[in-house]
Amino acid sequence: MIELQHLALHYALGETRVDVLRDVSLTIPAGQSVAIAGPSGSGKTSLLLLLAGLERPQAGHVLLDGQALDTLGRDALADLRRERVGIVFQSFHLLPSLTALDNVALPLQLAGRRDAHARARDFLRRVGLAARQHHYPGQLSGGEQQRVAIARALVHGPRLLLADEPTGNLDDQTGARVRELLLELNQEAGTTLVLVTHDMDFAAQCQRVLRLHDGQLHEARQEDAHAA
């Protein structure tokens, strides 16, 4: 599903060059669940941006389903994300003028799906927000907005889900519900799941745990997940 070939990403901090990724290569088969752990500022979110085609590396290639993202233009990348990828970022990117229901239904409406609102209602129910579907983002707490963003990322049945701290703003009970939903989607629908998380209980439930440190990805043993 995902192949990284000798990725390099860096930026300048004053006169200093900061290497975010250094010659990173990785293969993630379709249907696998992968957690990426590492210290704050290590580049985990930047890696997700590369996987989504929202940022380009200085060197190397990202292949999604065999398609090299650097060969695609902006419109083709947008089409690929809309059709195959679900993304949950820490900033929720909800449209403030749309209700929770309409925010979740929007990707399906853009694809011409007649069942857009029915599916949106179902996914809001699954994240525990059935009673809040007609509220606007400004009327929702941060945790509720996070759940709307998660429902929107899942509603079109993506082949790949990228999630940046998907349970970071949620209480323990709601976080557990969201973890179950994401892993259920991974197992039942075969959705490839790549998530950045500090929740090592969540990471330990994934099939692989990768540790990003000093620009390099290292495979962590499953039994060592809590130490990642």
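The values are calculated or read from the model by the stated rules, or taken from the named source; none is laboratory data. Values in this document were obtained by computation on a predicted structure and should not be read as measured data. Glycine gets a Cβ as well: all are built from the backbone with ideal geometry, and neighbour counts include every protein chain shown. In case anyone asks, the SASA skips ligands and DNA or RNA and just uses the protein heavy atoms, side chains included. Shrake-Rupley method; radii C 1.70, N 1.55, O 1.52, S 1.80 Å.
A few points about this structure:
- Sequentially through the range 192-201, phi angles give Karplus couplings (6.51, -1.76, 1.60; θ = phi - 60°) of 6, 10, 10, 10, 9, 8, 9, 7, 6, 5 Hz, Gly and Pro residues having no value and appearing as x.
- Accessible surface, 1.4 Å probe, highest first, among residues Thr174, Thr71: Thr71, Thr174
- Note on Ala130/Gln67: beta-carbon distance plugged into 1/(1 + (r/R0)^6) with R0 of 41 Å gives a FRET efficiency of 0.65.
- Pairwise label distance in nanometres, Ser97 with Asp75, each label 7 Å out on the Cα-Cβ vector: 2.4 nm
- The mean accessible area for residues of the range 14-90, using a 1.4 Å probe and ignoring ligands and nucleic acids, is 48 Å² per residue.
- Comparing mean-square fluctuations of Gln173, Gln145, Gln58 from a GNM of the chain with C-alpha springs under 10 Å, the top value falls on Gln173.
- Surface composition of the range 9-159: carbon and sulfur atoms hold 49% of the protein heavy-atom accessible area at a 1.4 Å probe.
- When the Gaussian network model of the chain links Cα atoms closer than 10 Å, the mean-square fluctuations of Glu165, Glu15, Glu55 top out at Glu15.
- The range 105-228, relative contact order [Cα under 8 Å, separation at least 6], %: 19 percent
- Pairwise FRET efficiency - Asp122 versus Asp214, Cβ, R0 = 41 Å, nearest 0.05: 0.40
- Spacing of the two label points (7 Å from each Cα toward its C-beta) at Gln109 and Glu83, in nm: 2.3 nm
- Inter-centroid distance (Cα atoms) of the range 1-44 relative to the range 88-130, Å: 30 Å
- In the assembled protein chains, Asp102 presents an accessible area of approximately 50 Å² (probe radius 1.4 Å).
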